[in-house]
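Step one of this worksheet: look at the structure below.
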Amino acid sequence: DKIAGAWLGQMVGNIYGLPHENKYVDQPAPESRFPFGYTKNLAKLEKYNGAFSDDDTDMEYIYLVTMENYGVEPTYAQMRDMWMAHVRDRVWLANRAAVGLMHYGFTPPFTGDKLYNPHWYQIDPQLINEIWGYTAPGMVHYAAEKSRWAARITSDSWAISPTVLYGAMFAKAFFCKDVKQLIKEGLKELPKDDRFTQGVLKAIRLHEQYPNDWVKVRQIMAKEFYTDENPMTKTIWNADLNGIMGVLAMLYGNNDFQRTLDLACGLGFDCHNQAATISGLMAVIHGASWLPKNL
C-alpha cells in the first residue's frame, strides 16, 4: 500500500500541480483559491486512457527498468546507456545538458559537473530521484547515498542536497508519520554547514515563530534564495529554493493531504515538482488507500 502510494501520490501531485508551474514568483497564490482542484489536465488522462508522464514522473520509470535489468545498484555507465536509449525530447535544464554531454562521450558524474553542465544548480534531480528512497524502505543512509550518487548525473555541489534530503525522507517515511521528525531525520544525512541545510533549519525556526503565516515565511525564504541569490544561479528552478518550498508545504500542511498539496502549489516557483514529491512522500507515510478518493 505504501509503495502504491509512492507512485500514485506522485502522479496525483504532478497532474494537480501542472497548471501552477512557474506561475507564482513575486507573490504566492492567494489562499482564497484553495483548494485549487484539478483542471484541463484531466482531459489528457481521458485521452490516453490512463496516466501520462511528465518531467516529475518520467525518469523514474527508466530508473526502475535499469534496476530490473542490471540489479539494484547499476553503474554510471549503465545509467548513461539507459539515458541515451530512452531520453529524447521534452527534457530541460540540467537533464537536457546531461543527456547532450552523454552523446558527446561524457559519462556521469562528469555530466553533472559544474565545469561541463551549465545548469548544475537547477532543480532536476529532485524531480526524478525519489525512487532511490522508496525502493529502500527504512534504509535511510543507504537511500540518501544512492540519491546523492544519482543526483550527480545532472548536478553538482549544493544543488544535490535537496535530493539527498528527500531521498532520506522517502526511506524513513515507511516507519515515521511525523513530517517534522522526517525533516530532522533527513537533515542528518547532510553536512551541517551546507547552505541548504542551513536554509531548512531557518525554515523550521520561522515556522515555529510564525506558525500561522506561511506567506510571511515564504517571503523571507524567497528573498534569501531567489531575490538575493547570486545572479549566476538565480532562477525560479534553483534547487535549494524549490527544495525549501517543499519543506514549507510539509510544515504548514500539518499532515493534511489536501492542504499540503495546495500549499505545495501555492508557494510557487517550479511548484508542481514540490506537489509531486510531497504528495508521494505523504502517501508513503499513510498508504495509497489513505489518499482522498476525489483525487
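The values are calculated or read from the model by the stated rules, or taken from the named source; none is laboratory data. Not measured: the values here are computed from a predicted model. Cβ coordinates were reconstructed from backbone atoms using ideal geometry, including for glycine residues, and neighbour counts include every protein chain displayed. All accessible areas refer to the heavy atoms of the entire protein, side chains included, with ligands and DNA or RNA removed. Shrake-Rupley method; radii C 1.70, N 1.55, O 1.52, S 1.80 Å.
Add +1 for every Lys or Arg and -1 for every Asp or Glu among the other residues with Cβ under 13 Å from the Cβ of LYS40, and state the total.
Numbers: positive: LYS44, LYS47; negative: GLU46.
Within the 13 Å Cβ shell, the charges total +1.
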In the chain the accessible area split gives carbon plus sulfur, as whole percent at 1.4 Å, a share of 54
In Å², rounded to a whole number, the accessible area per residue of segment 97-139 with probe 1.4 Å is 37
Ranked output for segments 121-133, 16-28 by mean other Cβ atoms within 10 Å, highest leading, reads 121-133, 16-28
Ignoring ligands and nucleic acids, SER161 exposes an accessible area, probe 1.4 Å, in Å² to the nearest 10, of 10
Between the modelled labels at LEU64 and HIS86 (7 Å from Cα along Cα→Cβ) the distance in nm is 1.0
Bounding extents of segment 222-293 in its principal axis frame from Cα atoms, largest first in Å, are 45, 16, 16
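Do the sum for the chain: with -39,500 (n - 2.57) for every DSSP H run of n ≥ 4, divided by all residues, what is the mean residue ellipticity at 222 nm, to the nearest 500 deg cm²/dmol? Working shown, then result.
Numbers: 15 runs with 165 residues, N = 295.
The per-residue figure over the chain is -17000 deg cm²/dmol.
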Here segment 32-182 gives, from Cα atoms, an Rg and Dmax in Å of 16.4, 51
Stretched fully, the stretch from LYS44 through SER157 gains (0.36 nm per residue minus C-alpha distance, one decimal, in nm) 37.0 nm
In segment 1-152, lysine pairs 8 or more places apart or on different chains with C-alpha atoms under 30 Å apart total 9
Of the convex hull enclosing the alpha-carbon atoms of the chain, the direction-averaged projected area in nm² is 14.1
Across LYS192, LYS202, LYS172, the residue with the highest GNM fluctuation in the chain (Cα network, 10 Å cutoff) is LYS192
Reported to the nearest 10 Å², THR107 has, with a 1.4 Å probe, an accessible area equal to 40
Largest fluctuation, LEU263, LEU248, LEU42 only, Gaussian network model of the chain with Cα springs under 10 angstrom, belongs to LEU42
Length gained if GLN209 through TYR142 is fully extended, taking 0.36 nm per residue and subtracting the Cα-Cα distance, is 20.8 nm
With every protein chain in place, the accessible area of ASP55 for a 1.4 Å probe, in Å² rounded to the nearest 10, comes to 30
Filtered hits (lysines, Cα-Cα < 24 Å from LYS202, offset >= 8 within chain) -> LYS172, LYS177, LYS180, LYS184, LYS188, LYS192, LYS216, LYS223, LYS234
Under 11 Å by backbone N from the virtual spin label 7 Å along Cα-to-Cβ at PHE175, the residues of segment 222-260 are none
Between TRP290 and THR107, the FRET efficiency computed from the C-beta separation at R0 = 30 Å comes out, to the nearest 0.05, as 0.15
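How far, in nm, would the chain grow between GLN258 and LYS114 when pulled straight, counting 0.36 nm per residue and subtracting the alpha carbon separation?
Values: separation 144, 0.36 × 144 = 51.84 nm, distance 3.77 nm.
Using 0.36 nm per residue and subtracting the Cα-Cα distance, I get 48.1 nm.
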